[in-house]
Amino acid sequence: MENKKTALILLCAALAALLGGGAYLYQTFSGEYANPSLVPPAAQEEGPVADTQEGSAAEGEDSTEKKPIPAPDFVVYNADGEEVSPSDYLGKYLVINFWASWCGPCKSEMPAFNAVIGQYKDNEDIAFLMVNMTDGQRETQESAQALVEENGWEMDILFDTDFSAATNYNVYGLPTTVLVDKEGYLLAIQPSAISQEILESAVETMLADEWERPLV
């Protein structure tokens, strides 16, 4: 339990440094950050309470109810050229990872994904979509598959040859990992590499149905 807490704290610190340094330009689908970290909301330190009676009264003119963020759908292709979309997996939790074989941080986190995918390969409540940014020039299907085979990673790779996934998710930095709940709503976004411990913690929290949807 202590290791899990330490991992979550380290992720918060790393994310703060990343955002503060402006290393990535990333925007969520609502146009602003909505729980960008893979740290479950319950594990994050609570900030000052802003919803006072005065505040509520002052905001009376704009009483629009906040809603969860639908995760955009997209079309990518498996090794056989068949179409695959997140909407095919409604009823399952999703871990979507955007990566490329030329990306150093992507390669550094691949062993973690390979290990966690292996741990949950028989779990019917979760699926992992490893989406390769296949532009046909810097990145090809052959180069992506070669990296996976050379390292003995046992994972199914999906190819974003039409830029459908990258466009719909505003992916400006690699790697980027997105968590989606069973009903197709966004849970979290991480625009940087993650460790196996963090990934395991995120998956366990989702499967325990303990991750609340961010609202905007």
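The values are calculated or read from the model by the stated rules, or taken from the named source; none is laboratory data. Bear in mind that the values here come from a model prediction, so they are computed numbers and not experimental data. Neighbour counts run over all protein chains shown; Cβ positions are idealised from the backbone, glycine included. What goes into the accessible areas is simple: the full protein's heavy atoms, side chains included, and nothing from ligands, DNA or RNA. Shrake-Rupley method; radii C 1.70, N 1.55, O 1.52, S 1.80 Å.
When segment 207-216 is filtered for residues that are at pLDDT 95 or above and outside any loop (DSSP other than H, G, I, E, B), only L207 remains. Taking the criterion of being in a strand (DSSP E or B) and closer than 15 Å to M130 by Cβ, the residues of segment 160-206 that qualify are T176, T177, V178, L179, V180, Q190.
Being open to solvent by less than 60 Å² (accessible area, probe 1.4 Å) and part of a loop (DSSP other than H, G, I, E, B) is not true of N114.
Scanning segment 196-215 for residues that are open to solvent by less than 30 Å² (accessible area, probe 1.4 Å) and in contact with a Phe, Trp or Tyr (Cβ under 6 Å, 6 or more places away or on another chain) turns up at least one hit. Filtered by the rule that a residue be open to solvent by 30 Å² or more (accessible area, probe 1.4 Å), over 22 Å from P214 (Cα atoms) and touching a Leu at 6+ places or on another chain (Cβ under 7 Å), segment 134-187 gives no residues. Could we say that S201 is polar (S, T, N, Q) and at pLDDT below 95 here? Yes, satisfied. Taking every residue in segment 147-166 that is over 13 Å from N97 (Cβ atoms) and pairing it with any residue that is of a type in the set (K, R) and surrounded by fewer than 17 Cβ atoms within 10 Å (Cβ to Cβ), at least 6 positions away or on another chain, the pairs with Cβ-Cβ distances below 9 Å are L147/K107; N151/K107; E154/K121.
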